[in-house]
Amino acid sequence: MKCRRHLAALILIALCSSSLDAQTNDAGFDPKMLNPKPGQRLSDFHVHDPFIVAHAPTRTYYLYTAQGARGRLGRSGVVTYKSKDLRSWDGPYVVFTVPDGIWANPRHGVWAPEVHEYKGKFYLFATLHNNNAILATPPEVWRTNHLRGTIVAAADSPEGPFRVLKPTGPHPPTNFMTLDGTLYVDPSGQPWMVYAHEWIQVIDGTMEAIRLKDDLSDSVGEPIHLFKASDAPWINAERRPSTRQNNYVTDGPQLYRTKNGRLVMLWASYNREGYVETIARSKSDNLEGPWEQLDPLVGGDSGHGMMFRTFEGQWMLVLHHPFGRPTTRAHLYEMEDTGETFRVVRPRPDLDGRPQQR
């Protein structure tokens, strides 16, 4: 009898272990899958739309970026690199792959992954695609519109595995072609997703926001309009709207409070020289605005940035340069909080490994 009970227990353990392995494999969480390498500089590996989390409990910096469907993963996903000092990075480690059975196609790409700690858990925001789901395309638009939007996935650790909360569609409206959703929590504690509405659908790209449920599992109500790309005077001075050129682009919103309580938004667009990282400020210091556009922060075909504080309290900006793949790399800049806005103090090639300028 004891032998039978022991055998039954072993079978149960094996079944539970097999089930856990299956779930782990479905999430694509296998640290060895991409042969992570130790001691890399940021200049050693490709990064697009970089996002860095400074995880205080482990004093570890996590850099998140997308992984394409080609190669060993076999599907689109998100990877992270880990560092203790912003100079030496280990990775990549897989934290998420697009699962089967959701609205997005696992092979159609991931854009702009970012991870936020919220109420004791970690939430991945990432833009997914289904190029086969064609949306109604306005007659004045020359590109076919397809389903694109930001999902939210949850995990107990910044290392994942992250699991999609809403498999039936993105959090923004499914008839909108959107991207680059980010988390903003207003002073009342209400969570929002702030996202870009694609120029491909509206020609003059916009920034919008939609309320989220308290557990971030879905959106609530209708979106609100924040501003449009052509509101930036430096864009108007250099470009004119056209249905045949990707002029009025909105990319990569990120929201921060200055030490004086001013609400600002980093975002990216284009000037005649290429990609630009710029900044806007809410005149009311509320999400609803109105928003005023300030001078760009970084040019030279650089953009889609975010800021974080080092463990020593220094504000840093990370963005990618140049825009085009596969040469794009993550660059770091030291920032200053002036109270009214943020400004670039100096680039940090000593950290990111780019060639020193003389």
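Rule-based calculations on the coordinates, nothing more; no lab input. In this text the structure is predicted, and so the values were computed from the model without any measurement. Positions of Cβ are generated from backbone atoms using ideal geometry, with glycine treated the same way; all protein chains shown enter the neighbour counts.
In whole Å, what three semi-axes, largest first, describe the equivalent ellipsoid of the chain built from its Cα gyration tensor (square root of 5 times each eigenvalue)?
Values: eigenvalues 240, 123, 82 Å².
Its equivalent ellipsoid spans semi-axes of 35, 25, 20 Å.
Would you calculate the separation in nanometres between label points at ARG143 and ARG59, each defined as 7 Å from the Cα along the Cα-to-beta-carbon direction?
Between ARG143 and ARG59, the label points sit 4.5 nm apart.
Please list, in chain and number order, the residues 5+ apart from LEU294 or on another chain whose amide H is under 5 Å from its amide H, with Hs placed from the backbone.
Residues meeting the criterion, in which the H sits 1.01 Å from N, are ILE279, ALA280, ARG281.
Cα axis of helix 2-27 to longest principal axis of the chain: angle in degrees, 0 to 90, nearest 10?
20
Modelling each spin label as a point 7 Å along the Cα-to-Cβ direction, I'd like the SER157/ASP295 distance in nm, to one decimal.
Once both label points are built, they end up 4.6 nm from each other.
Based on the alpha-carbon gyration tensor of region 103-259 and its eigenvalue square roots a ≥ b ≥ c, which shape applies: rounded if a/c is under 1.5, prolate if not and a/b is larger than b/c, or oblate? Working shown, then result.
Working: a/c = 2.07, a/b = 1.36, b/c = 1.52.
It is oblate, given that a/c is not under 1.5 and a/b is not larger than b/c.
So how much slack lies between ILE224 and LYS283, counting 0.36 nm per residue of separation and subtracting their Cα-Cα distance, in nm?
Values: separation 59, 0.36 × 59 = 21.24 nm, distance 1.65 nm.
Contour length minus Cα-Cα distance gives 19.6 nm.
Using r as the Cβ-Cβ distance of ASP44 and THR338, and R0 as 41 Å, what FRET efficiency do you calculate, to the nearest 0.05?
Working: r = 34 Å, r/R0 = 0.82.
The calculated FRET efficiency here is 0.75.
Which of THR278, THR258, THR206 moves most in a GNM of the chain, Cα contacts under 10 Å?
In the Gaussian network model the winner is THR258.
Looking at the square roots a ≥ b ≥ c of the eigenvalues of the Cα gyration tensor of region 296-339, which shape do they give, rounded for a/c under 1.5, prolate if a/b is larger than b/c, or oblate?
Details: a/c = 3.65, a/b = 1.85, b/c = 1.97.
Taking the square roots of the gyration eigenvalues as a ≥ b ≥ c, region 296-339 is oblate.
Is region 104-167 best put as rounded, prolate or oblate by its Cα gyration tensor, with a ≥ b ≥ c the root eigenvalues, rounded for a/c under 1.5, and otherwise prolate when a/b is larger than b/c, oblate when not?
Working: a/c = 3.29, a/b = 2.67, b/c = 1.23.
It comes out prolate by the Cα gyration axes.
So how strong a dipole does the chain carry about its Cα centre when Lys and Arg Cβ are +1 and Asp and Glu Cβ are -1, to the nearest 20 debye? Show your work: numbers first, answer last.
Details: 40 positive and 39 negative charges, 240 e Å.
Roughly 1160 debye, rounded to the nearest 20.
Among GLN314, ALA330, THR278, flag the residue with its Cα farthest along the positive direction of the charge dipole of the chain, charges on Cβ as +1 for Lys/Arg and -1 for Asp/Glu.
Among GLN314, ALA330, THR278, the one farthest towards the positive end of the dipole of the chain is ALA330.
Would you grab the residues whose amide H sits under 5 Å from the one on VAL220? Only those 5+ places off in sequence or on another chain, please, with H modelled 1.01 Å from N.
The list, which skips near neighbours in sequence, is ARG211, LEU212, LYS213.
Let me have the 222 nm mean residue ellipticity of the chain computed from DSSP H runs of 4+ only, each contributing -39500 (n - 2.57), with the sum over all residues rounded to the nearest 500. Let's see the in-between values first.
On the way: 4 runs with 38 residues, N = 358.
Taking each H run of at least 4 residues, the total per residue is -3000 deg cm²/dmol.
At 0.36 nm per residue, and after removing the present C-alpha to C-alpha distance, how many nm does the segment from GLN190 to ASP204 gain when stretched out fully? Write out the running numbers ahead of the final one.
Details: separation 14, 0.36 × 14 = 5.04 nm, distance 2.83 nm.
Full-extension gain reported as 2.2 nm.
Given points 7 Å out from each Cα along the Cα-Cβ axis, report the GLN314 to LEU135 separation in nanometres with one decimal.
Distance between label points: 4.1 nm.
Between HIS129 and residues 5 or more places away or on another chain, which pairs have amide H atoms under 5 Å apart, with H built 1.01 Å from N, and which residues are they?
ASN105
Of all the Cα-Cα pairs you can form in region 33-190, what percent are over 27 Å apart?
When every Cα pair of region 33-190 is considered, 27 percent fall beyond 27 Å.
What's the tally of Lys pairs in the chain whose alpha-carbon atoms lie under 16 angstrom apart, where the two lysines are 8 or more places apart or on different chains? Walk me through the numbers before you get to the answer.
On the way: LYS32/LYS82; LYS37/LYS82; LYS37/LYS84; LYS119/LYS213; LYS121/LYS213; LYS166/LYS213; LYS228/LYS283; LYS259/LYS283.
Value for the chain: 8.
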